[in-house]
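Read the structure below first, then the notes.
The values are calculated or read from the model by the stated rules, or taken from the named source; none is laboratory data. Model, not experiment: these values are computed from the prediction. Here the Cβ positions follow ideal geometry from the backbone for every residue, glycine too, while neighbour counts run over all protein chains shown. These area figures cover heavy atoms from the full protein model, side chains too; ligands, DNA and RNA do not enter into them. Shrake-Rupley method; radii C 1.70, N 1.55, O 1.52, S 1.80 Å.
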Amino acid sequence: EQIAAVWRDVLKLPSVGVSDNFFDLGGHSLLAVQVHRQLVSSIGQGLSITDIFRYPTIRALSSRLGSDHEDNSAVELGQSRAQDRRAAMNRRRTGFAPAPAPVAVSERT
């Protein structure tokens, strides 16, 4: 209901349906920024501006907000896998050699 109220306010519409597409109702990127700002302040959950574009219906956005914990777990898993791949590529590039140790430089007088 909070999402619908924000959409009605920003889009200046008397009613919106849960399956209505924000952009089909007249929304655009500048209005999406307003929606994002209002939702973040009223809901208080982590919501990315890109979520407005990826989940353009009230039903989809509401579902996304309800599964916020699951999305974060997937992101963390993806980041971990990416880090592992980078480390493996680095090992292949360096011929499995360990990183060079810092060299101490002394002054001769």
- Enter the accessible area of L13 (Å², nearest 10), with the probe set to 1.4 Å and all protein chains included. 50 Å²
- Hey, can you grab everything whose amide H is under 5 Å from the amide H of D20? Only 5+ residues off in sequence or another chain; H modelled, so Pro and N-termini drop out. I58
- Each residue of region 20-26 in turn: what ³J(HN,Hα) in whole Hz from Karplus with 6.51, -1.76, 1.60 and θ = phi - 60°, glycine and Pro shown as x? 5, 7, 3, 6, 5, 7, x
- Which of the peptides 82-89, 26-33 is most tightly packed, and how do the rest follow, going by the mean number of other Cβ atoms within 10 Å of each residue? 26-33, 82-89
- Task: Treat each spin label as a single point 7 Å out from the Cα along the C-beta direction, and report the A87 to D24 distance in nm.
- Result: 4.7 nm
